[in-house]
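Worksheet: the structure to be examined is printed underneath.
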Amino acid sequence: MRLLVGTLLALGSTDAEKADRIGRKPIAQRKWEKMDRFQKILMKKSIAENMMTSTHMNGGFTAGPHIGTIRHVPDNLSKQQICMDIPTIADIRSAKDHNGREEQIKRRITLKTMEAVMDGTYHEWIEHLTQDTFPQPTKYLEVDYSHEKFDYMDLGQEFDLDDKSFTLATLVRLRPDHELNANFTNRGARILSKRTDAGLGWELVAPSFYTGAVSLYAGNERREPGHIDYGRSRLPDNTWMCVGTSVDRLNFGQDMAHIVPFVNGFSDGPGTSMRMEGTLSNHVPITLGNHRDESGNLVEGRRDHMMDGSPRFQQHFQGDIHSVSYWDRALDHKEIRMMCRKKLAEIGVETGRCPHGYEQFDCECYKVLDHEMQPFKDAAKFCRSEGGSLAMPKTEQHQDFIEMLMQQSHRETFWIGLDDLDVEHVHRWADGSRMDYENNEFNRYPNGKPDKVYFSEDCVEEVKSRGGFYWNDENCAKVNAFICQLDAIVDHCDQEHGMRAQNVKDMVDRMGSKDTANLEKVNLKSARERNKGGRRN
């Protein structure tokens, strides 16, 4: 049914005017107020998702319910009408004959969309969600740090975090020193540190000590709440990323804060609410790339007593830091998404060239489908209809990116394009290539290989858990959310981490080409050759 929202908004206004004259709230508003918090959140999320990602792909629709799907956004919402699709009466009747549950869903979609339109809520969401801007940072610092040049950089008192909301964002690239064991680099590395010896202050940590994700330290005079390690996605190496955290201390009641870490504009998990009292401000300078005490000496990292010998890890950030941005308020999800996309584009990392609904990484396009769960074969069929396949995370970097996408979903298990349906114990990707776990080819099985508890477990799912992400072989008849990957890569894009890029490198090596400058890895200097600190002018 094609609704003219401008007309409905006018009807809503008329209804409100009549209600005012008799001293009662409009019917639609009364119904809206009776909805519980979950219903309102679900509806707002569904509308936002459908507006942010087009559901009109090549004239068709993506899977799942469509709540108020926007066909186009006019320049002036107050003067023009918006065309949108919601289930028609005929759709509802047809669903009733076919599936009672489907009828309930479609009836609910229609009712809730109408209510939002008539009480003006939809109009407000449209105006907000169709904006593609974000506020300029309160402070922006272009630092151009690399661990070969600096043990740290002293940023002085460029800014501080007091008792207000804030957002921190940095452009970073992890490059562990190849001369050191990978387990001994970038664990608990400090991007930014402004912390007294007594623990008053704050630190932005990435990768965190245990999870390899984004972490925040925030301590008042009692060192509370301390380390806030709620990021789940492991950060990939050798990839430019926009990472940071948004802390809202305004909208959640007195002394309560909501902390959301993010990677490339994606919230890394649902965020965490906790008590955060007092100021984080102090007199010590900001240290970038490491952690110093109040005397200016580098602080030794912590020990891992779970490892033999309880080795101590340094807090020196291994890699590059291009810039630091600070806002004196908490950016919302859309502002963070737009900000990261623009900041990455400014340094030559494009992230928005995939079709609507897909997200770009390393020239590949991925999309999580979680509205309508499917068995493995049906999920694979849907991805083929989109011009692709179930996702094939063949490298650590692609796996890490997919984890970020899965964090945006409330689902916990997702089909990927890997199975041994044709030959038992011979796992093949959706493109037909073999995944040779017996020769230690990259995988995320907990034990390095499928456990294969039952012979019917022929298909592979990604599992999202509090302890991290892992692969699991599962019965193909199980219904899961799933991840699609388009066959075509982004035009005019140089792939760095994918298997296609590795195949090109192998071919050049076999040919004995001397022109391999673009294929060589970054030559990392020894940590012993670093300068002993530097100050930003």
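The values are calculated or read from the model by the stated rules, or taken from the named source; none is laboratory data. This one's a predicted model, so the numbers in the text were calculated from it and none came from an experiment. Because the Cβ atoms are built from the backbone with ideal geometry, glycine has one as well, and the counts that use them run over all protein chains shown.
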message = For the condition under 19 Å from the mean Cα position of the chain (by Cα) and hydrophobic (A, V, I, L, M, F, W, C), what is the one hit in Val453, Val463?
response = Val463
Residue ranges of strands (runs of 3 or more DSSP E) in the stretch 267-376 with at least 3 members over 30 Å from Asp197 (Cβ atoms), modelled with pLDDT of 90 or more and touching a Cys at 6+ places or on another chain (Cβ under 8 Å) = 364-374
key: Hits in the stretch 315-333 - residues which are touching a Phe, Trp or Tyr at 6+ places or on another chain (Cβ under 8 Å) and surrounded by 18 or more Cβ atoms within 10 Å (Cβ to Cβ)   = His316, Phe317, Asp320, Ile321, His322, Ser323, Val324, Ser325, Tyr326, Trp327, Ala330, Leu331
key: Scan of the stretch 402-452 for residues that are hydroxyl-bearing (Ser, Thr, Tyr) and within 25 Å of His371 (Cα to Cα), ordered by number   = Ser409, Thr413
query = When residues of the stretch 257-278 are filtered for being over 16 Å from Ser409 (Cβ atoms), under 24 Å from the mean Cα position of the chain (by Cα) and surrounded by fewer than 18 Cβ atoms within 10 Å (Cβ to Cβ), how many remain?
reply = 3
ask   = Is there a residue in the stretch 431-439 that is at pLDDT 95 or above, touching a Leu at 6+ places or on another chain (Cβ under 7 Å) and either surrounded by 15 or more Cβ atoms within 10 Å (Cβ to Cβ) or not in a loop (DSSP other than H, G, I, E, B) (or both)?
value = no
request  = Count, please, the residues in the stretch 429-456 that happen to be touching a Gly at 6+ places or on another chain (Cβ under 9 Å) and under 16 Å from Leu390 (Cα atoms).
outcome  = 3
task = Could you grab me the full set of residues in the stretch 447-463 that are at pLDDT below 90 and either at negative phi or buried (at least 21 other Cβ atoms within 10 Å of the Cβ) (or both)?
result = Asn447, Lys449, Pro450, Asp451, Val453, Tyr454, Phe455, Ser456
query = What's the number of the condition Lys381 fails, among (1) among the charged types (D, E, K, R); (2) under 22 Å from Val205 (Cβ atoms); (3) free of Cβ contacts under 8 Å to residues at least 40 places away in the same chain?
reply = (2)
task = Report yes if Glu335 is within 17 Å of the chain's Cα centre (by Cα), assigned by TED's automatic domain parsing to the domain that holds Met392 and either within 20 Å of Gln136 (Cα to Cα) or in contact (Cβ under 8 Å) with a residue 12 or more places away in the chain (or both), otherwise no.
result = no
task = Scan the stretch 238-249 and give yes if some residue there is part of a loop (DSSP other than H, G, I, E, B), hydrophobic (A, V, I, L, M, F, W, C) and within 18 Å of the chain's Cα centre (by Cα), otherwise no.
result = no
ask   = Restricting attention to the stretch 166-190, which residues are assigned to a loop (DSSP other than H, G, I, E, B) and either at pLDDT 95 or above or among the β-branched types (Val, Ile, Thr) (or both)?
value = Thr185
query = What are the pairs, 6+ residues apart or on separate chains, where a residue within the stretch 296-312 that is on the phi < 0 side of the Ramachandran plot has its Cβ under 6 Å from a residue that is small (Gly, Ala, Ser) and assigned to a loop (DSSP other than H, G, I, E, B)?
reply = Gly301/Gly188; Arg303/Ser310; Arg312/Gly301
inquiry  = I want to confirm something. Restricting to the stretch 467-485 and keeping residues that are under 19 Å from the mean Cα position of the chain (by Cα) and of a type in the set (A, V, I, L, M), which single residue is surrounded by the most Cβ atoms within 10 Å (Cβ to Cβ)?
reply    = Ile483
query = Is it fair to say Ser281 is surrounded by fewer than 24 Cβ atoms within 10 Å (Cβ to Cβ) and not hydrophobic (A, V, I, L, M, F, W, C)?
reply = yes
inquiry  = Can you confirm whether Cys383 is assigned to a helix (DSSP H, G or I), of a type in the set (A, V, I, L, M, F, W, C) and farther than 25 Å from Trp471 by Cβ?
reply    = no
note = Of those in the stretch 199-243 that are in contact with a helix residue (DSSP H, G or I) (Cβ under 6 Å, 6 or more places away or on another chain) and of a type in the set (Ser, Thr, Tyr), the residue surrounded by the fewest Cβ atoms within 10 Å (Cβ to Cβ) is Thr239
note = Checked against (1) surrounded by 15 or more Cβ atoms within 10 Å (Cβ to Cβ); (2) among the acidic types (Asp, Glu); (3) part of a loop (DSSP other than H, G, I, E, B), Glu403 satisfies every condition except (3)
